[in-house]
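The values are calculated or read from the model by the stated rules, or taken from the named source; none is laboratory data. Just so you know, these numbers come straight off a predicted model, no measurement behind them. Don't worry about glycine lacking a Cβ; one is built from the backbone with ideal geometry, like all the others, and counts go over all protein chains shown. Heavy atoms of the whole protein, side chains included, go into the accessibility calculation; ligands, DNA and RNA do not. Shrake-Rupley method; radii C 1.70, N 1.55, O 1.52, S 1.80 Å.
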Amino acid sequence: MSGHDHVETSVGAVDGTRPAAEPRRRRRRRIAALVVVSLLVVATTATVLFKALPASSYQRLDRTDRTAFDQLADVFSASAALPDRLWTSDYRYDRQPLVLLRTDGAKSPLWRYAYLINMSEVVDTSGMQKVSFPDHAALRDVYVSNTFGLATPGLWMPGDFTWLDVGGIEVLGFKFHDGMLGDDPPAGLPFATFAMHEAFHVGKQAGWRYDVDGDPAVFDFPHTPEHRRLLTAEFAILDRVSTADAAEFPQLAADLAAIRAARYQTWPQVKAQDDVEAIEGTATYFERAYQRIAAPDSAEAGVTFVDWLESAWHEPVDDSGLTRNVYYATGAQLGLLLDRVAPSWKRDIEPSPSGRGWTPGESLRQATGVTTAPGDAAVAEITARYAPTPGGS
């Protein structure tokens, strides 16, 4: 879940020495500003209200909408057929309510119309236009409207998505556009997996508490040679998860737990990594599980964790991804390891009473029995086995 920067504005107090006309001028300026804003709202609303709805059948939709629904249908079909390979059998993305809003560009505040998917039991769709998808069995409940959400401020804010409260049900409002659907989407975020990642936050994680105090991050990141040595070993272990034999997983898990315990003991603030992995890592796991189903023969794309760290270490810490972003990927990779050594981790991550409220990191500790940091000699042996101390600082 991505946070939003909070910007506050303030107006200095009148000190009593300004001429009396000054407040009147300010009032006139405020009135003028309100008039401009009102005109913009009216113009925007009129644009949406009088914008023609798309066609009522898949075959007659424009290319952008057809492509979006083709991609969504593929994900829905995988969720319907193999839910336990995406997450668990009790989470069906293909049954989740979803609102897709057609825009003309990334983070645009303006949208033309809204597709309501799996929303018939959430909102009254009787006055909306139903869209038929004869070749996509997973898309049975799709309506389109150019009036839904007009009075919802979050839908008019710049951004790609927002959470909606529709009749007491939390629903993802996700904006899509042509640029998301090709081979070079903005910020590398393709429509299908971007939407399912954000939908996982809404539909699966709404009751989780790992981000109850805001988006977790590693504040005051320890940019020291010793931390680099341990983090390099940790990332080398995660790299091996992708190619390891079944017999290797218990040792990889134990070594990973030991290295993390050493890091957390020396620098307690880095334990926030556990919470980032619990929220963003699991959502990334969910989208990557679909990618493995959709393209089972393709190799994992991208650089290794160790190579990424080598590059990121030389960037300013706040821009490097070391405080938050990299734990999306480490959390997803940890999930693959836990699938082998702690298969119940997806149940254990749920809050009580259905689960234990364990982060994936806690599931790793419980599965391996490594709950405290080993001695220096044991840590040195592990780091030597996976990643000899790199040169430089």
**OP:** Could you tell me whether Thr304 is of a type in the set (Ser, Thr, Tyr), surrounded by fewer than 18 Cβ atoms within 10 Å (Cβ to Cβ) and in contact (Cβ under 8 Å) with a residue 60 or more places away in the chain?
**Re:** yes
**OP:** Would you check which residues across region 76-99 are among the basic types (Lys, Arg) and in contact (Cβ under 8 Å) with a residue 60 or more places away in the chain and list them?
**Re:** Arg85
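Mind listing just one residue for me: the one in region 346-387 that is β-branched (Val, Ile, Thr) and within 23 Å of Ser89 (Cβ to Cβ) and, of those, surrounded by the fewest Cβ atoms within 10 Å (Cβ to Cβ)? Give the steps one after another, and end with the answer.
Quick first cut of region 346-387, residues β-branched (Val, Ile, Thr) only: 349, 359, 368, 370-372, 379, 382-383.
Subsequent filtering for residues that are within 23 Å of Ser89 (Cβ to Cβ) retains 349, 359.
On the way: Ile349: 23, Thr359: 25.
Checked region 346-387; the qualifying residue surrounded by the fewest Cβ atoms within 10 Å (Cβ to Cβ) is Ile349.
Working only within region 193-216, note down all residues that are aliphatic (A, V, I, L, M) and either free of Cβ contacts under 8 Å to residues at least 12 places away in the same chain or touching a Leu at 6+ places or on another chain (Cβ under 7 Å) (or both).
Going through region 193-216, the residues aliphatic (A, V, I, L, M) turn out to be 195-196, 199, 202, 206, 212.
Matches in region 193-216: Ala199, Val202, Val212.
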Subject >> Test result for Glu234, in contact with a Pro (Cβ under 9 Å, 6 or more places away or on another chain) and closer than 19 Å to Glu362 by Cα >> reply: no
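Consider Ala254 carefully, then state whether it is hydrophobic (A, V, I, L, M, F, W, C), farther than 30 Å from Ser354 by Cα, in contact (Cβ under 8 Å) with a residue 40 or more places away in the chain and open to solvent by 10 Å² or more (accessible area, probe 1.4 Å).
Values: hydrophobic (A, V, I, L, M, F, W, C): yes; farther than 30 Å from Ser354 by Cα: no; in contact (Cβ under 8 Å) with a residue 40 or more places away in the chain: yes; open to solvent by 10 Å² or more (accessible area, probe 1.4 Å): yes.
Considered against the rule, which asks whether it is hydrophobic (A, V, I, L, M, F, W, C), farther than 30 Å from Ser354 by Cα, in contact (Cβ under 8 Å) with a residue 40 or more places away in the chain and open to solvent by 10 Å² or more (accessible area, probe 1.4 Å), Ala254 comes out as no.
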Subject >> Whichever residue in region 189-242 is basic (Lys, Arg) and outside any helix (DSSP H, G or I) and, among such residues, is nearest to Gln269 (Cα to Cα) >> reply: Arg209
Original post:
in contact (Cβ under 8 Å) with a residue 60 or more places away in the chain, surrounded by 15 or more Cβ atoms within 10 Å (Cβ to Cβ), of a type outside the set (Ser, Thr, Tyr) and at negative phi, is that true of Gln273?
Top reply: yes
Original post:
Of the residues Tyr285, Tyr210, Tyr264, which is open to solvent by less than 10 Å² (accessible area, probe 1.4 Å) and of a type in the set (Ser, Thr, Tyr)?
Top reply: Tyr285
Original post:
Of the residues that make up region 321-330, is at least one touching a residue at least 12 places away in the same chain (Cβ under 8 Å), open to solvent by 40 Å² or more (accessible area, probe 1.4 Å) and of a type in the set (S, T, N, Q)?
Top reply: no
Original post:
Taking interchain pairs and intrachain pairs at least six residues apart, which have beta carbon atoms under 8 angstrom, with the first residue in region 365-393 and over 15 Å from Ile237 (Cβ atoms) and modelled with pLDDT of 95 or more and the second aromatic (Phe, Trp, Tyr) and outside any helix (DSSP H, G or I)?
Top reply: Gln366/Trp358
Original post:
If you scan region 228-251, which residues turn out to be surrounded by 17 or more Cβ atoms within 10 Å (Cβ to Cβ), farther than 13 Å from Leu336 by Cα and of a type outside the set (Val, Ile, Thr)?
Top reply: Arg228, Arg229, Leu230, Leu231, Ala233, Glu234, Phe235, Ala236
Original post:
Assuming Tyr143 fulfils every condition listed in (1) under 27 Å from Gln291 (Cβ atoms); (2) modelled with pLDDT of 95 or more apart from one, which condition is it?
Top reply: (1)
**OP:** Might you let me know whether region 90-101 holds any residue that is closer than 26 Å to Leu150 by Cβ and assigned to a loop (DSSP other than H, G, I, E, B)?
**Re:** yes
**OP:** Confirm whether Ala13 is at pLDDT 90 or above, small (Gly, Ala, Ser) and either part of a loop (DSSP other than H, G, I, E, B) or open to solvent by 80 Å² or more (accessible area, probe 1.4 Å) (or both).
**Re:** no
